[in-house]
1. Take residue 136 and tell me if it is in contact with a helix residue (DSSP H, G or I) (Cβ under 6 Å, 6 or more places away or on another chain) and more than 19 Å from residue 238 (Cα to Cα).
2. Checking the condition assigned to a loop (DSSP other than H, G, I, E, B) and outside the structural domain of residue 249 (by TED's automatic domain parsing), which residue from 83, 75 passes?
3. How do the pairs read when you match residues in segment 232-246 that are in the same structural domain as residue 279 (by TED's automatic domain parsing) and more than 16 Å from residue 9 (Cα to Cα) with residues anywhere that are modelled with pLDDT under 95 and in a helix (DSSP H, G or I), using Cβ under 7 Å and keeping only pairs 6 or more apart or on different chains?
4. Within the group 169, 207, which residue is modelled with pLDDT of 95 or more, assigned by TED's automatic domain parsing to the domain that holds residue 233, surrounded by fewer than 17 Cβ atoms within 10 Å (Cβ to Cβ) and over 30 Å from residue 308 (Cβ atoms)?
5. Residues that are outside any helix (DSSP H, G or I), modelled with pLDDT of 95 or more and out of contact with any strand residue (DSSP E or B) (no Cβ under 8 Å at 6 or more places or on another chain): does segment 217-226 have at least one?
6. Could you please give the count of residues in segment 158-171 that are in contact with a helix residue (DSSP H, G or I) (Cβ under 7 Å, 6 or more places away or on another chain), closer than 30 Å to residue 282 by Cβ and part of a helix (DSSP H, G or I)?
7. Within segment 117-136, which residues are in a loop (DSSP other than H, G, I, E, B) and over 15 Å from residue 17 (Cβ atoms)?
8. Please enumerate the residues belonging to segment 158-180 that are under 20 Å from residue 238 (Cα atoms) and out of contact with any strand residue (DSSP E or B) (no Cβ under 8 Å at 6 or more places or on another chain).
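The values are calculated or read from the model by the stated rules, or taken from the named source; none is laboratory data. Since the model is a prediction, treat every value here as computed from it, not as a measurement. A quick note on method: Cβ atoms are made from the backbone with ideal geometry, for glycine too, and the neighbour counts reach across all protein chains shown.
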């Protein structure tokens, strides 16, 4: 089926899906947005609400509720559907509920003849990206997860706040699982090319290890803190979806820490996990071998093993 490069579909019209669709409408990247939800009335309501903002958008955009058949020629399908993470619940606690939901969603996407990029946002995103890859039949480069894109943005934001500099000038990665075993790669972090410790000391910050531990914990626990206060997170991830879609559709070949299938890099195989990756029109171009010290490599391996243990318990039969 011919792909319509001006069309995106969003599966799941909860907080994350509707916020993502709203952000995509504002972006001007697409001229057609299809919303799909098991609750058809919800999808129709969100489409109407978002569509009423189109006169203020940078470009015309048709927003409507549809079916998987309507999404078959989309350039990207963004999957946000799934059970919501509750206060006190980890992302991995969601596994069985959301794998069951994916068994109803992904085969319908596959059977529609879809041949674009499948972008998984639902949590636990690494396990569900792997699930989508197994169930979709799409090439591994075309099934990607939002991974630690938002975690890395949170890290840059918090470092920017700590140092009093523009977060866009902070270059630092969160890698591994999007969850409790994620890790910040401090050994390669820098501000506009200046190693982070040197930049910190230039501004009078010297207690590096304690500060790194504190900020890493704040990043890891950000979602829990937001969920505890407002029951859901959606604005930050919506902006991440918008940024990912822009990188794909413009073939930017930008480096982003998406979740995708590892095939031996860092000694990790047969698991979807987040590492800095060149992202372009066809999805994964290649991974970027960022410098990591021995402790960080060991933490990354532990993170991948934690995900493998979960995957080993899943049944991917249809």
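1. Criteria met by residue 136.
2. That would be 83, the only listed residue that is assigned to a loop (DSSP other than H, G, I, E, B) and outside the structural domain of residue 249 (by TED's automatic domain parsing).
3. Correct list of pairs: 233/223; 233/226; 233/227.
4. Among 169, 207, only 169 is modelled with pLDDT of 95 or more, assigned by TED's automatic domain parsing to the domain that holds residue 233, surrounded by fewer than 17 Cβ atoms within 10 Å (Cβ to Cβ) and over 30 Å from residue 308 (Cβ atoms).
5. no
6. Residues in segment 158-171 being in contact with a helix residue (DSSP H, G or I) (Cβ under 7 Å, 6 or more places away or on another chain), closer than 30 Å to residue 282 by Cβ and part of a helix (DSSP H, G or I): 1 in total.
7. 124
8. Matches in segment 158-180: 158, 167, 168, 179.
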